[in-house]
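Below is one structure; the comments refer to it alone.
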Amino acid sequence: MDLQPTCALKVSPHVIDATHPFADTMSQNAVLACAASNTALIALEREPWIQSSDDRWICVDTLQAAVSALPADPATVFLAIGRQHLDAFAAKPQHAYILRFVDKPDAPLPLPNAEVIVARGPFTEYGDLALLRSNGVQWVVTRNSGGTGARSKIDAARRLGLPVVMIARPAMPIRKTVQTVGEVMAWLNHETCLGA
């Protein structure tokens with residue numbers, strides 16, 4: 001019996017942009033490169049976190065605005081923004097900063113009063129409740145990365161009634177965007193089989 005393929009395979013490049021929601025430079029470069037080479041592009045983007053009525057969010061657009069949102073009086077701040085963005089917070093050295101990294105830092109930190117917790121996720125709401133309570137955290141600063149893997153600190157802050165300085169995502173270039181791997185696979189199959 002002669003089996004016929006369900007579609008004629010078209011060999012052409014495809015790009016899936018599955019970078020971090022804050023990797024705007026990489027996403028912009030992907031859009032430019034794909035446009036220049038006539039390459040199909042899709043972005044897999046996590047759904048952002050949405051503020052509930054029980055959240056105490058202070059929504060800001062930049063790191064500098066996040067620094068400005070912190071109080072003038074000394075406070076204990078859980079700073080969940082990644083180690084490459086710490087320099088901005090050196091402008092408020094009066095705070096005690098709690099940092100959580102996957103690996104131990106290999107260079108001095110720009111913050112004079114910082115405690116580093118080395119831990120690898122995924123984290124749980126129960127675990128983050130314990131972390132915030134045991135360290136006397138009064139403020140949380142984070143980027144709206146979205147998804148479920150890093151959400152526990154948001155849920156824990158809500159349970160404790162803590163203010164959260166939420167840094168908005170950067171503007172991204174216009175591109176086809178989906179939120180699930182299944183949608184990416186359907187797009188790949190459609191592109192390959194139908195050339196759409």
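Every read-out reported here was derived from the displayed coordinates using simple, explicitly stated rules and does not represent laboratory data. None of these values were measured; they are calculated from a predicted model. Glycine gets a Cβ as well: all are built from the backbone with ideal geometry, and neighbour counts include every protein chain shown.
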> Quick one: what Rg and Dmax do you get for segment 56-196 from the alpha carbons, in Å?
Replying inline: 18.1, 61
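Which value, in Å³ per residue, describes the convex hull spanned by the Cα atoms of segment 117-194?
Numbers: hull volume 10.0 nm³, N = 78.
Per residue, the Cα convex hull of segment 117-194 comes to 128 Å³.
Neighbour counts of other C-beta atoms within 10 Å: give me Lys176, Lys153, Lys104 arranged from fewest to most. Provide the component values of the computation, followed by the final result.
On the way: Lys176 11, Lys153 23, Lys104 7.
Listing Lys176, Lys153, Lys104 from fewest to most nearby Cβ atoms yields Lys104, Lys176, Lys153.
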> Roughly how tilted is helix 24-37, in degrees to the nearest 10 and between 0 and 90, from the longest Cα axis of the chain?
Replying inline: 20
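Return a whole-number percent for the relative contact order of the chain, with Cα pairs under 8 Å and 6 or more residues apart as the contact set. Walk me through the numbers on the way to the answer.
Details: 311 pairs, mean separation 60.5, N = 196.
Dividing the mean separation by the residue count of the chain yields 31 percent.
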> Against the longest principal axis of the chain, how steep is helix 181-194, in degrees 0 to 90 to the nearest 10, with axes from Cα atoms?
Replying inline: 20
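Calculated from DSSP H runs of 4 or more alone, at -39500 (n - 2.57) each and per residue, what is the 222 nm mean residue ellipticity of the chain, nearest 500? Intermediate values should be presented prior to the final figure.
Numbers: 5 runs with 54 residues, N = 196.
The helix-only estimate for the chain comes to -8500 deg cm²/dmol at 222 nm.
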